[in-house]
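The values are calculated or read from the model by the stated rules, or taken from the named source; none is laboratory data. Owing to the predicted nature of the structure, the values given are computational and were not obtained by experimental measurement. Every residue, glycine among them, receives a Cβ derived from its backbone with ideal geometry; neighbour counts consider all protein chains shown.
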């Protein structure tokens, strides 16, 4: 009997014109999202490469000027390649880039709002413009429509459209009584239909989920890609099963197909819009973001004092490096950094508290779990960018030490110094950290699916006893 149920369901699905239309629409959306994600990743990588080429060109230009000065050429106005302070502060911004992950096309995540390529000088980072990163305009011109958006927001609607009448349609057509007159229990019949829908949905969704990154030229063979691919498939699979389990549970209430559809759409709205919105408000209320205006005003006031004092220390252009002026400039910069350091520390600590609370509240909605999980898989999460920022800060400190030590000694830069300039190399965290962060979300989705199926089975059994 169960095989007959499967055969009938498969034939019905193949003949269903609405199913074919939904698949066409879904495939077009997935394809568009994959192309958009690939374009975003490509332009982002191109921006980083352009910044690195510009850095190399400036470095070669400074080396050439240094050689020309050694041969007797005059020094250009306010551009002395021998001065550690001028080179470090103005003449040679250094590039620190966060490389894209092997599945970067899956989710834009934080990459559209947080800089992936940063230009660093020896100035305090708080003085750098918010658009000083090489990909600033890119983040403003690209939207967040990616594969993550399709799976988080649109996939549940596809599942709802294919499962809202899982049981109610049999009752409304009058075939349920005929089926139950055969030697088959209501629970087994409904679960058989649900398993058939699950097999059909997962075959379609996983095919699209895996083919789309491949079409977008994601690297499935890069280091770490197999783990990310497995986590990606697991997240999409369990998210699909969650919505199918929810539809199964709603169908056991014995209402009409229209009422089931309305209930499921209402749940979609609650879980994808209302709950995440309330979670965001809760985080902002409990841990309000520090005032960026306060930081900007403090930085401007301190910078104004620093600049006015530094301007009085400028050496005569074209003459050898003024060691005393550079040492006093270092002291001015250190005083400035000490003024803004407490505010910056407050920002960092408050953001850490906010993220900790977000990690706890994400289990209130499967949409948050999937969104955060896909961002992790795509190496576009808050944790990834926080790790990048820590390494950028360490590199910034290394740059300041490199130029500052030479300025303190009153030493002029040489070609050997240019050869010894610190380089930024991002060191990715171990994949075990990624797996542990995503695994909790996978377990939460699996537990929600199991709970919904258990509740549905209990209601179906009670209905069978009552009948």
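Numbers below:
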| item | result |
| --- | --- |
| Residue within the range 195-208 that is within 23 Å of the chain's Cα centre (by Cα), more than 21 Å from residue 261 (Cβ to Cβ) and in contact (Cβ under 8 Å) with a residue 40 or more places away in the chain present | yes |
| Given (1) modelled with pLDDT of 90 or more; (2) surrounded by fewer than 18 Cβ atoms within 10 Å (Cβ to Cβ), index of the condition residue 129 fails | (1) |
| Only one of 310, 289 that is more than 24 Å from residue 437 (Cα to Cα), in contact with a helix residue (DSSP H, G or I) (Cβ under 7 Å, 6 or more places away or on another chain), outside any helix (DSSP H, G or I) and at pLDDT below 80 | 289 |
| Qualifying residue in the range 20-43 (condition: more than 21 Å from residue 213 (Cα to Cα) and either modelled with pLDDT of 90 or more or part of a helix (DSSP H, G or I) (or both)) | yes |
| Filter result for the condition that a residue is closer than 30 Å to residue 353 by Cβ, at pLDDT 90 or above and either outside any loop (DSSP other than H, G, I, E, B) or in contact with a strand residue (DSSP E or B) (Cβ under 9 Å, 6 or more places away or on another chain) (or both), over 270, 303 | 270 |
| Any hit, the range 74-83, residues being closer than 30 Å to residue 112 by Cα and either at pLDDT below 90 or loosely packed, with under 13 Cβ neighbours inside 10 Å (or both) | no |
| Any chance residue 452 is in a helix (DSSP H, G or I), under 30 Å from residue 361 (Cα atoms), touching a residue at least 40 places away in the same chain (Cβ under 8 Å) and within 30 Å of the chain's Cα centre (by Cα) | yes |
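A quick yes/no check of all residues on (1) loosely packed, with under 14 Cβ neighbours inside 10 Å; (2) modelled with pLDDT of 95 or more:
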position	(1), (2)
412	no, no
427	yes, no
431	no, no
436	yes, no
447	yes, yes
457	no, no
462	yes, no
467	yes, no
